[in-house]
Amino acid sequence: TLLLIGGWVEGSEKYSKLAADSRRRKNFAKNTANFLSTHNFDGFHLHWEYPAHRGGAPEDKQNLVHLLQDLSDECKPKDLILSVNVRVQRETVQKAYDLKNIARIVDFMTLMAFDLHGPWDKKIGFSAPLRGDGELNLESRLNYIRSFGVPAEKLILAVPFYGRTYVTNQRGNIGDDTINNSGFAGPFFGEEGFLGYNEICHLRKQQEWQEVKFDSRASQAVGKFTKDGLTHVVTFDTPRSIANKVKFAVDEGLGGIWTWFVDSGETNYLKFI
């Protein structure tokens, strides 16, 4: 069990200020290691979204390395695990991460290999395709991260327990059809453009879907239903997707799999793919 801090809502500014101050970094590292030991955690995960972005500074790229080194200096003598999240898009990596030096310090990197496409693209796409054209797929992003000399066994691959949603007045074709808003929300999370897997299962029971197809190259499903005269589209991972991605991780010699996130799961899921 690792203690995690950070996340999207936290933003970047406070972490940027912490990492820029040598005294604060060392105090933080010492206090963190002591807290972990006191409460019997196995380690610490830094989930900074993202260095040099969202209120951060260009210096965050190197300051993150300094922060992780200070944390390692305190955690390793106590036999505590240290890990960090890494966004996989090229433009983020180039600004945010010194991957070679981060890999030298941490035990694991959790790759945020999801949300590669979404409603923000203004067209329909797979959110976490295993393979596909261009750079925005898991296979391509893994090869890119490893090109910095990061050992495969330190990489933990993400699988999403949610889907991305779209609304269009067209047929809902992947890569072609444009959308006319930010996607539709589900009944539980209420977030536009997002459906937890439990919401997908719920809507499958409540709504008549015209089709749900599995794309073997992307290893993701795309589902469609019509509401108020508009085509509603969801792209998401299924049990088959997860199995394929786990096999991919094993074949590539990766350190493991992580999921975002458990409370969007469905214990009595409908295996409709």
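The values are calculated or read from the model by the stated rules, or taken from the named source; none is laboratory data. As the structure is a prediction and not an experimental result, all values here were calculated from the model. In this analysis, Cβ positions are derived from the backbone assuming ideal geometry, glycine residues included, and neighbour counts consider all displayed protein chains. The area values use the complete protein model at the heavy-atom level, side chains included, leaving out ligands, DNA and RNA. Shrake-Rupley method; radii C 1.70, N 1.55, O 1.52, S 1.80 Å.
Tabulated data for the structure shown
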{"quantity": "Qualifying residue in the range 226-234 (condition: surrounded by fewer than 13 Cβ atoms within 10 Å (Cβ to Cβ), part of a loop (DSSP other than H, G, I, E, B) and not basic (K, R))", "calculated": "yes"}
{"quantity": "Among residues of the range 195-222, those that are closer than 17 Å to K123 by Cβ and either among the basic types (K, R) or assigned to a strand (DSSP E or B) (or both), counted", "calculated": "3"}
{"quantity": "Neighbours by Cβ (under 9 Å, 6+ apart or cross-chain): first from the range 22-36, over 11 Å from Q69 (Cα atoms); second open to solvent by 50 Å² or more (accessible area, probe 1.4 Å) and not in a helix (DSSP H, G or I)", "calculated": "F35/F41; L36/L2; L36/D42"}
{"quantity": "Subset of the range 81-102 (residues that are open to solvent by 10 Å² or more (accessible area, probe 1.4 Å) and not in a strand (DSSP E or B))", "calculated": "Q89, R90, E91, T92, Q94, K95, D98, K100, N101"}
{"quantity": "Condition check for S219: at positive phi, within 18 Å of the chain's Cα centre (by Cα) and surrounded by 14 or more Cβ atoms within 10 Å (Cβ to Cβ)", "calculated": "yes"}
{"quantity": "Any hit, the range 162-174, residues being assigned to a loop (DSSP other than H, G, I, E, B) and surrounded by 22 or more Cβ atoms within 10 Å (Cβ to Cβ)", "calculated": "yes"}
{"quantity": "Test: residue in the range 23-43 that is surrounded by 18 or more Cβ atoms within 10 Å (Cβ to Cβ) and under 17 Å from the mean Cα position of the chain (by Cα)", "calculated": "no"}
{"quantity": "Qualifying positions in the range 16-52 - closer than 20 Å to K100 by Cβ, out of contact with any strand residue (DSSP E or B) (no Cβ under 8 Å at 6 or more places or on another chain) and part of a loop (DSSP other than H, G, I, E, B)", "calculated": "P51, A52"}
{"quantity": "All positions within the range 173-204 that are of a type in the set (D, E) and in contact with an Asp or Glu (Cβ under 9 Å, 6 or more places away or on another chain)", "calculated": "E199"}
{"quantity": "For F108: the one exception among (1) of a type outside the set (K, R); (2) at pLDDT 95 or above; (3) over 21 Å from W8 (Cβ atoms); (4) open to solvent by 30 Å² or more (accessible area, probe 1.4 Å)", "calculated": "(3)"}
{"quantity": "Only one of G55, G6, G11 that is in contact (Cβ under 8 Å) with a residue 60 or more places away in the chain and either among the hydroxyl-bearing types (S, T, Y) or surrounded by fewer than 21 Cβ atoms within 10 Å (Cβ to Cβ) (or both)", "calculated": "G6"}
{"quantity": "Answer from Q210, Q170 - the residue that is over 30 Å from L4 (Cα atoms) and touching an Asp or Glu at 6+ places or on another chain (Cβ under 6 Å)", "calculated": "Q170"}
{"quantity": "Every residue from the range 122-139 that is modelled with pLDDT of 95 or more and either among the basic types (K, R) or not in a loop (DSSP other than H, G, I, E, B) (or both)", "calculated": "R131, L138, E139"}
